[in-house]
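Working notes for the structure below.
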Amino acid sequence: MTLSVTIITFNEERNIERCLQSLTGIADDILVVDSFSTDKTEEICKQNGARFIQREFDGYGNQKRFATKHAKFDYILSLDADEALSPELKSSIYEEKDKWSKPYYSFNIRNHYCGKAIRYCGWYPDKHVRLFNRSVTNWTQKEVHESIAVNENKDVKHLKGDLLHFTCSTITEHQEKEKKYARMNADILAKKGKNIMWITPYIKGAFRFFKTYIIKLGILDGYYGLIISKTLAKSSFYKYAWARNAIRNK
């Protein structure tokens, strides 16, 4: 049986080699779809045997659908450049390759933040479908928070092992990333044109902090649990504040 791995990139020289090397012995085809990186991403990908295509970025969902279409084989493992297979997950996928008994496979994602594995904050276990048969399904076309469309019977097999996600190496990096997501989500929300009250950004931000830090037990992750909770709260605040301003200025 065969497996394609698809990865989307933009200036990922810091992460991509770790991702590619974790695929040794399991991937029969590796396709990187790049948004015109200006660093050494292309060089590193080609050195590690990946096919490399460049395409203008037009949303995470569309970029990943493009990668899915141009993969060589129907069964596809979709990764981000800052992710890598743990040995246990790699073994689980290798065993499943002998038979491909399901159209969808899920596994847990273990998020690392500033070098520390995060246990709470709603970040673990963070279960997602990332291995699938493209003849049955594909990525949604959402610009942000894209996911594999799973049909109603939900015939998903959960694999042992974690996908290691190295989210951010600094707090500033996380803050900038969340501002980017907030801007994209605000644009999506603004297009819907629904009225947003002045107090809504404050309510949404406060609830996001409470949910992450208290309900999802971010408090047990210590200092980084607090920072993550505050950063996500600000992102939620900006999303609704920027969307409200955009709607009012139309």
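Here are some notes:
- Residue in region 220-230 that is of a type in the set (Lys, Arg) and surrounded by fewer than 19 Cβ atoms within 10 Å (Cβ to Cβ) present: yes
- Strands (runs of 3 or more DSSP E) contained entirely in region 1-92, each with at least 3 residues that are in contact with an Asp or Glu (Cβ under 9 Å, 6 or more places away or on another chain) and not β-branched (Val, Ile, Thr): 51-54
- Contact map, region 78-100: residues that are among the charged types (D, E, K, R) paired with residues that are assigned to a helix (DSSP H, G or I), Cβ distance under 8 Å, separation 6+ or inter-chain. Pairs shown: Asp80/Cys19; Asp82/Cys19; Glu83/Cys19.
- Any hit, region 90-100, residues being within 23 Å of Gly61 (Cβ to Cβ) and at pLDDT below 95: no
- Considered as a group, the residues in region 106-122 that are in a strand (DSSP E or B) and charged (D, E, K, R) include one that is farthest from Ile76 (Cα to Cα), and that residue is Lys116.
- Residues that are closer than 21 Å to Tyr60 by Cα and surrounded by fewer than 17 Cβ atoms within 10 Å (Cβ to Cβ) within region 118-136 comprise Asp126, Lys127, His128, Asn133, Ser135, Val136, listed in sequence order.
- Residue within region 97-105 that is farther than 19 Å from Leu164 by Cβ, in contact with a Pro (Cβ under 6 Å, 6 or more places away or on another chain) and either assigned to a loop (DSSP other than H, G, I, E, B) or among the aromatic types (Phe, Trp, Tyr) (or both) present: no
- A search for C-beta distances below 8 Å between a residue of region 47-68 that is of a type in the set (Phe, Trp, Tyr) and any residue that is surrounded by 17 or more Cβ atoms within 10 Å (Cβ to Cβ) and outside any loop (DSSP other than H, G, I, E, B), counting only pairs 6+ apart in sequence or on different chains, returns Phe52/Val32; Phe52/Asp34; Phe52/Glu42; Phe52/Cys45; Phe57/Gln63; Tyr60/Ile8; Phe66/Val33.
- Qualifying residue in region 78-85 (condition: surrounded by fewer than 22 Cβ atoms within 10 Å (Cβ to Cβ) and among the hydroxyl-bearing types (Ser, Thr, Tyr)): no
The values are calculated or read from the model by the stated rules, or taken from the named source; none is laboratory data. Worth saying up front: this structure is predicted, and the values here are computed from it rather than measured. Quick reminder, even Gly has a Cβ in these numbers, built from the backbone with ideal geometry, and neighbours come from all protein chains shown.
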